[in-house]
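Undergrad: Below: one structure in structure tokens.
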């Protein structure tokens with residue numbers, strides 16, 4: 001019986017911890033195109049390199065990489 005009560009209490013605590021906090025959302029801020037080009041030039045990206053874009057958004061870093069740097 002104690003185990004069931006403990007599981008219920010822990011379940012309630014976890015569910016309260018999963019709530020969103022109002023006003024704590026992060027806004028979307030895209031990387032400016034000149035910064036993307038400078039980043040890729042500084043990294044000396046070429047046609048045989050593999051580029052990962054870890055952000056999420058419009059994938060313009062990957063599009064510029066493929067179209068202008070091979």
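Undergrad: Can you tell me which residue among 62, 10, 40, 6 is within 18 Å of the chain's Cα centre (by Cα), at pLDDT 75 or above and surrounded by 10 or more Cβ atoms within 10 Å (Cβ to Cβ)?
TA: On the way: 10 fails: within 18 Å of the chain's Cα centre (by Cα); 40 fails: within 18 Å of the chain's Cα centre (by Cα); 6 fails: within 18 Å of the chain's Cα centre (by Cα).
Going through 62, 10, 40, 6 in turn, just one is within 18 Å of the chain's Cα centre (by Cα), at pLDDT 75 or above and surrounded by 10 or more Cβ atoms within 10 Å (Cβ to Cβ): 62.
Undergrad: Out of everything in the range 13-37 that is assigned to a helix (DSSP H, G or I) and at pLDDT 75 or above, what residue ends up being surrounded by the fewest Cβ atoms within 10 Å (Cβ to Cβ)?
TA: Per the stated criteria, the residue is 34.
The values are calculated or read from the model by the stated rules, or taken from the named source; none is laboratory data. Predicted, not measured: the structure shown is a model, and the values here were computed from it. In this analysis, Cβ positions are derived from the backbone assuming ideal geometry, glycine residues included, and neighbour counts consider all displayed protein chains.
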